[in-house]
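> Before anything else, here's the structure in question.
The values are calculated or read from the model by the stated rules, or taken from the named source; none is laboratory data. A quick note: this is a predicted structure, and the numbers were derived from the prediction, not measured. Cβ: placed from backbone, ideal geometry, glycine included. Neighbour counts: every protein chain shown. Only protein heavy atoms, including side chains, enter the accessible area calculation; ligands, DNA and RNA are left aside. Shrake-Rupley method; radii C 1.70, N 1.55, O 1.52, S 1.80 Å.
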Amino acid sequence: MKYHIETMVCGGCVRSVTNIAQNVDPMAKVEADAIERTVEISSAQIDEITKALALAGFEATQIAA
C-alpha cells in the first residue's frame, strides 16, 4: 500500500517510519521518499503499522492506486 505522510520531511523521518514499520513487522518491505512524502509498505500487518505510525506522529493517508 502506498501512503502520503505530510510530517515525513527528512531522512531522519524516513528512518523513523521505516523503523516503526519494521518493529511491528520485521519482514515488512518499506520504500520511503521524503521529497514526495510518500511511503510504500508491503506487510500482512499494515493496519497495525499505520496505527503505530499515527501514534508516533506520522499520520498515513492511503494514496489511490
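> Given a 1.4 Å probe and the protein chains all in place, what does the accessible area of residue 40 round to, in Å² to the nearest 10?
My reading of the accessible area for residue 40 is about 90 Å².
> Going 7 Å from the Cα of residue 63 along its beta-carbon direction, which residues of segment 14-32 have the amide nitrogen within less than 13 Å of the resulting point?
Taking a point 7 Å out along Cα→Cβ of residue 63, the residues of segment 14-32 whose backbone N falls under 13 Å are 31-32.
> If you average the sequence gap of Cα pairs under 8 Å that are 6 or more apart and divide by the length of the chain, what percent do you get for the contact order?
46
> Using unit Cβ charges (K, R positive; D, E negative) and no other charged atoms, how large, in debye to the nearest 20, is the dipole of the chain about its Cα centre?
100
> Per-residue accessible area for residue 47 at 1.4 Å probe radius, Å² rounded to 10?
100
> Let me ask something additional. If I compute solvent accessible area with a 1.4 Å probe over the protein chains, what percent of it on the chain is carbon and sulfur?
Heavy-atom surface of the chain belonging to carbon and sulfur, 1.4 Å probe: 52 percent.
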